Structures are given as structure tokens and as C-alpha cells.
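Inspection log for the structure reproduced underneath, given as C-alpha cells.
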Amino acid sequence: MQRIGILLSGRGSNFIAIAEAIRQRRLPGAEIAVVLSNLPNAAGLEVARSLGLPALAIPSAGRKRAEHDAEMIAALHNHRVDMVCLAGYMRIISPEFVHAFPNRILNIHPSLLPAFPGLDVQAQALEYGAKVAGCTVHFVDEAVDHGAIILQRVVPVLDEDTPESLSARILVEEHIAYTEAIARVLSGEYHLLGRRYVLRNRP
Ligand code: GRF
């Protein structure tokens, strides 16, 4: 079994989509080992508990990043986690954290990277006048919203869109994209050529 650790800070809809994919046997060989949050009141933690999954808050407020991350890494190791999925985890992780799980930390971001890294990116895409938007699942490296891209899904930007309507359209694709990206990484059938994620045994 490949054991997934989920990190979240909010409602956890991406986590729920992953849990649902596992329940429906769309991610064979994978299970959620633990759900961790830096915010004790994150709604996603409650959902995890209601699903019978181990769920822990490791509060980050007022703590040094290195110290907090060391505790997060220890909790992930305690639960024998093989792969870490950041699912709305609103905290930058330290290089030590990245190195603790080499090429085994994934993140989902609601833009077509490298356009619009950071926060409030759907509003940024609208203001910029982008005609397409979407989401990116990528490996996490030491820079924010930067590692090698595993996959992206695209949506149109409509003239009548608000940040909320565009976010909702992207979120539907996020839920498909994250499960697909996890399946691809767990299959092991890929190489990283520099930043390029490419399938193995294909020209
Ligand atoms: C998603 O838009 C994700 O792309 C971003 O944070 C949001 C988390 O949403 N990183 P949810 O908590 O998974 O519903």
C-alpha cells in the first residue's frame, strides 16, 4: 500500500475528492494514512474524522517554520507516509520538509502555472484578461508554486465571470486533476527530464 499524508488548512474539498476516489477504487494501492492541518479549526479535519481517518492539528501560529515543519515531518513518518499531498495547505514548507520526501510532495494550484503563482489567483487571471484559466498539479520544490508540472487542466474564462464563478469552474477540474496526478506518480511510469515530467517508454 502507498500511504498518502494530506496537509490542509481549509474546507478540504480536494482531500474529499481524493478520499472519494480511493473509496471508489480509482486509486488502487493507495490509502490515506493521516490528515494534518496547521489550523486546528480547519473544516477538513472534521471531515477526515467523520470518515474515520486519523486527523491531527499541529498548530503553526507563533511557531518557527523549522520547528513546526519538524513536527509535521515526524507525524508523517509516524504514520509511515510515502507521499504527501498539499491540498489547500496555506503555509510555505521549508527546504528540510521538501528534502524529507524527495519528489514525493505534490501540490495543487488554481492557475495555469507559471502564470499567477501565489494567492487570489482567479481574481488575478480575471484582472489580467486571461481567456483560459485552470489548475496545475506539480511536485513541490524549494520555491513556491514552482516544481515540475505533472498535469494541468484548462477551463474557459467567460465574460460574465466573477472570481467566485471562475474559482468554482476551476475547482471541478482540480478534483479530477489531483486524483489523476496521484495515480500517475504512484504508477512510477515517468521520468523527470529537468522540469519535464514525461511518460517512460515513449519517444
Ligand atoms: C484550492 O483551490 C487549491 O487549488 C488551493 O487551495 C484551494 C483548496 O481548496 N491550493 P480545498 O480546501 O481543497 O477545497
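Summary of values
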quantity: Cβ-Cβ under 8 Å pairs, at least 6 apart or on other chains, the range 158-172 side within 12 Å of Q124 (Cα to Cα), far side within 15 Å of the ligand (Cβ to nearest atom) and among the β-branched types (V, I, T); calculated: L166/V155
quantity: Cross-chain or 6+ apart pairs with Cβ under 8 Å, the range 11-25 first and under 18 Å from G88 (Cα atoms) and of a type in the set (V, I, T), then assigned to a loop (DSSP other than H, G, I, E, B) and away from the ligand (no atom under 12 Å from the Cβ); calculated: I18/L27
quantity: Residue tally, condition under 16 Å from H109 (Cβ atoms) and in contact with a Lys or Arg (Cβ under 8 Å, 6 or more places away or on another chain), over the range 151-173; calculated: 3
quantity: Candidate set: the range 2-33, residues that are on the phi > 0 side of the Ramachandran plot and more than 11 Å from the ligand (Cβ to nearest atom); chosen: the one surrounded by the fewest Cβ atoms within 10 Å (Cβ to Cβ); calculated: R25
quantity: Residue that is among the hydroxyl-bearing types (S, T, Y) and surrounded by fewer than 15 Cβ atoms within 10 Å (Cβ to Cβ), where the choices are T179, T136, T162; calculated: T162
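Bear in mind that the values in this text are calculations on the coordinates, not laboratory data. Predicted model, so just to flag it, every value in this text is computed and none were measured. Neighbour counts are summed over all protein chains in view; Cβ atoms, including those assigned to glycine, are modelled from backbone coordinates with ideal geometry.
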